[in-house]
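The structure under discussion appears below in the form of structure tokens.
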Amino acid sequence: MGVGFFGSLMVAAGIAYAMVGVPQMADTAKAQNNVYYWADGTQMVATGGETNRQIINYADIPKSMRYAVMSAENKTFESDKGVDPMGIARAVFNMAKGGETQGGSTITQQYVKNAMLDDQSQTVSRKLKELFVSIKVGQTVNKETIMAGYLNTAYYGRGAYGIQAAARTYFDKNASDLSPSQTAFLASVLKGATYFDPAGAPEIDPVNATREKNTKRAKERWAWILGEEVKDGRLSATDRDKYLKAGFPHLQSPRSNAQLGGQIGYLVDLAKAYVINNSNGNISADDLQKGGYEIHTTFDRKKVNELEAAVKKVRKESIKPDQRDKDKYVQFGGASVNPKTGAIEAIYGGADATKHFTNNADVTGAQVGSTFKPFVLAAAFKYGVKDPDQSSDQPESARTIVSPKSLYSGKNKLKIKNYDGTVWTDKEGKEWLQTNDGGASYNPPSYQIDLREAMRESVNSAYVQLGMDVGLDKVKESALSAGLLENSFASANYPSFSLGTSDPSAIRMAGAYATFATSGQQNDPFSVSSVDLKGDTIYRHESKPKRAFDPKVADNVTDVLKTVVDKGTGTAAKLPGRDVAGKTGTTDGNKSAWFVGYTKQLSTAITMYRMDDNENSKNRKFLEMYGTGGQEKIHGASFPAQIWHDYMAKAMSGQPYESFETPESIGKVVGATPSPTPTPTVSSSPSSSPTASPTPSQSSTGPSPSTTQSCSKWDWNCSTGGATGGTNGGTTDGGTSSSPSPTESTANGNSRGNGNGGLFGGTG
């Protein structure tokens, strides 16, 4: 009876063996991380797949790792058929009686269990299948494939699957660089990381998986494996003694596995989003989740670290949240773009990607303020203004390209006019009276100021009227051409549009200013140069530069912005011995401040704002910065320009000097009136001697406003009074009085120009 029963089992086993095939590698066993690389080709981080695994070739697995697992688990691996015949008989007999199966005692059996079976249930049928697959694999698959498959799929603890992930997790090195001592340790944790990882696993077994007990077990098994390798002729006694004398290998702290801390998480998120959105559907979010991709980014590790250091320096020296309430919730963001290619070389997303809610280098909702004015100037150089000598019903083609010497009014509370010369009013008939920072007026009694000086001093009234004369649609087109995105724009139906009520990201602002640095050639910012999968390049970035502006236009904008840094509001950004162009920006209610500037080689945008970044906060909104950092008001010329300067000084160190192009003469002077001084100078301006943080002094506002006097479009001597109680008409650098308008929107800190800065004239 017993013999017959056993014979029947063997017949059944033979039939089962004949019926099973060698299955394909299970998807779950192939799941692995994506590896992100710095621009110089060195590894940044391996992350982002559903499993912390990077599959490597057999040749990249050190011999010492193969020897260690053979000596510890399967001494006859190189010569056996993948199974233990007596073990098979015992397993079949036990299963027939309803007992437990024998565990995967050979490397082949463990490989099959780990790598080739999606079904890990404990049923008899699954266990039989595993057994017979192991037999067939042992006879049909070569040893190198089995060994590589086992070591690439085994679990080593700390979330690491596979030898490469384990090497990074425990030793922060590639598997190919592991020493025999280190591989002996990794072979030890293969017995069960819960009880052999020295860090312990008290959350799983508080009694037996303590740090002390696990460390003791790990050290004993490590030494035992080294001894077994000597017995098996795979390691010399001399080398074993050397490793024992040196002691147990040093392991990284488990906390060091938070690889996405600091700036890394922001960089990874940016690159991941870029791949998904720019691979023409060839790489989806689901594909990235499966892992296995090698993503080569444009990020320069040195610049990323330098940008972070510049922000930390300002925080340490000036931002004291434990001393000042207005220093709480301060946020900084930044981005650097290579003008010649569009490559994003550095970003600052916030204090720590594992703790901070948003990437401050990306879209935050922070308005850009007066850093938008260069797009107004570019539009005036590109499209021109309506010819002032023509009647109001002339076709739009009757335009005059302006010169930087063109004259506009620098008077505070200037009554803003439409493109056709009529007074602008909102749908309720209220006029717009544009204020300047601190209520300052420029160059009385004529109040004329040329566009270069108006940019240098960031005069709102001049640039709001210029935007209206060009046409806000043309200003928008100019910003789009430079590289800003449609979805970042506020409504272009309000005069304040020219003062930066829009909220593009720091990345896009750096990229748009880079268009001026390249004499009008626009490159979209990008963060990934190529993506590889299984050794093949499946995506490669191709630059597609576009001609946004004629060189004459872009170079003249640069020349004007160079004046801002040389002797205007941006002097804090000077880099001795280098050409620098840039612009400061401060927004309505002092809720954000910017500095955006560039050299020929690098364009960088820095933003600062206050917002409670608690992810669970229901009412996230921009907060005022009056008093932040101990300053009466935060200007773009203060902390943002300081960060820009400190970072760019290091980023440009050692780079060759490249001067900006000498601009060709452009346009004609408009707005001139007979005057003994055709080139006006600023008197009683906000800052006759610009400093890093200018504090304007209010000048005379001239005669009292008149509600009946009719003014010629170009006669800036004419009174600019409006409806009684006319209010702030905009934003930036700063476009507000020291006391924000009580009607100001506070729902989210971004009023998109619809009521920004108060009512459009009238008493409110």
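Against the test of being touching a residue at least 24 places away in the same chain (Cβ under 8 Å) and open to solvent by 50 Å² or more (accessible area, probe 1.4 Å), the options ARG578, ARG610 yield a single qualifying residue, ARG578. Scanning the range 49-64 for residues that are out of contact with any strand residue (DSSP E or B) (no Cβ under 7 Å at 6 or more places or on another chain) and modelled with pLDDT under 85 yields a single hit, GLU50. Taken over the range 534-563, the criterion of being part of a strand (DSSP E or B) and surrounded by 17 or more Cβ atoms within 10 Å (Cβ to Cβ) is satisfied by TYR539 alone.
So, of the residues in the range 65-86 that are among the small types (Gly, Ala, Ser) and farther than 17 Å from GLY162 by Cα, which turns out to be modelled with the lowest pLDDT? Among those that are among the small types (Gly, Ala, Ser) and farther than 17 Å from GLY162 by Cα, it is GLY82.
Is it true that some residue in the range 134-152 is under 22 Å from ALA218 (Cα atoms), of a type in the set (S, T, N, Q), at pLDDT 85 or above and touching a Ser or Thr at 6+ places or on another chain (Cβ under 8 Å)? Checked against the condition, which is being under 22 Å from ALA218 (Cα atoms), of a type in the set (S, T, N, Q), at pLDDT 85 or above and touching a Ser or Thr at 6+ places or on another chain (Cβ under 8 Å), the range 134-152 yields no hits at all.
If you check LYS633 against the conditions, is it in a loop (DSSP other than H, G, I, E, B) and touching a helix residue (DSSP H, G or I) at 6+ places or on another chain (Cβ under 6 Å)? Considered against the rule, which asks whether it is in a loop (DSSP other than H, G, I, E, B) and touching a helix residue (DSSP H, G or I) at 6+ places or on another chain (Cβ under 6 Å), LYS633 comes out as yes.
If you go through the range 465-488 one residue at a time, do you hit one that is more than 30 Å from SER665 (Cβ to Cβ), open to solvent by 10 Å² or more (accessible area, probe 1.4 Å) and among the aliphatic types (A, V, I, L, M)? Yes, that holds for at least one residue. Only one entry of TYR243, TYR274, TYR266 meets the criterion of being of a type outside the set (Asp, Glu), touching a Pro at 6+ places or on another chain (Cβ under 7 Å) and not in a loop (DSSP other than H, G, I, E, B), and that entry is TYR243. Here is the figure for the range 238-264: residues that are surrounded by 12 or more Cβ atoms within 10 Å (Cβ to Cβ) and modelled with pLDDT of 90 or more total 12.
Yes/no per residue for (1) open to solvent by 10 Å² or more (accessible area, probe 1.4 Å); (2) aromatic (Phe, Trp, Tyr):
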| position | (1), (2) |
| --- | --- |
| GLY157 | no, no |
| GLY162 | no, no |
| ALA166 | no, no |
| TYR170 | no, yes |
| ASN174 | yes, no |
| GLN182 | yes, no |
| LEU186 | no, no |
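You will find that of ALA29, ALA46, ALA13, the residue that is in a helix (DSSP H, G or I), within 35 Å of the chain's Cα centre (by Cα) and modelled with pLDDT under 90 is ALA29 and no other.
For first residues located in the range 640-669 and under 28 Å from ILE401 (Cβ atoms), partners that are in a loop (DSSP other than H, G, I, E, B) and open to solvent by 80 Å² or more (accessible area, probe 1.4 Å) and lie 6+ apart or on another chain with Cβ distances below 7 Å form the pairs VAL669/LYS405. Here is the figure for the range 520-533: residues that are open to solvent by less than 40 Å² (accessible area, probe 1.4 Å) and not in a strand (DSSP E or B) total 4.
Listed by first and then second residue, the pairs with beta-carbon distance under 8 Å, at least 6 apart or on different chains, first residue in the range 427-446 and more than 11 Å from LEU414 (Cβ to Cβ), second part of a helix (DSSP H, G or I) and open to solvent by less than 30 Å² (accessible area, probe 1.4 Å), are ASP437/ASN460.
The values are calculated or read from the model by the stated rules, or taken from the named source; none is laboratory data. Here the structure is a predicted model, which means the values were calculated and not measured. Note that we place each Cβ from the backbone using ideal geometry, even for glycine, and neighbour counts take in every protein chain shown. Side chains included, ligands, DNA and RNA excluded: accessible areas come from the protein's heavy atoms. Shrake-Rupley method; radii C 1.70, N 1.55, O 1.52, S 1.80 Å.
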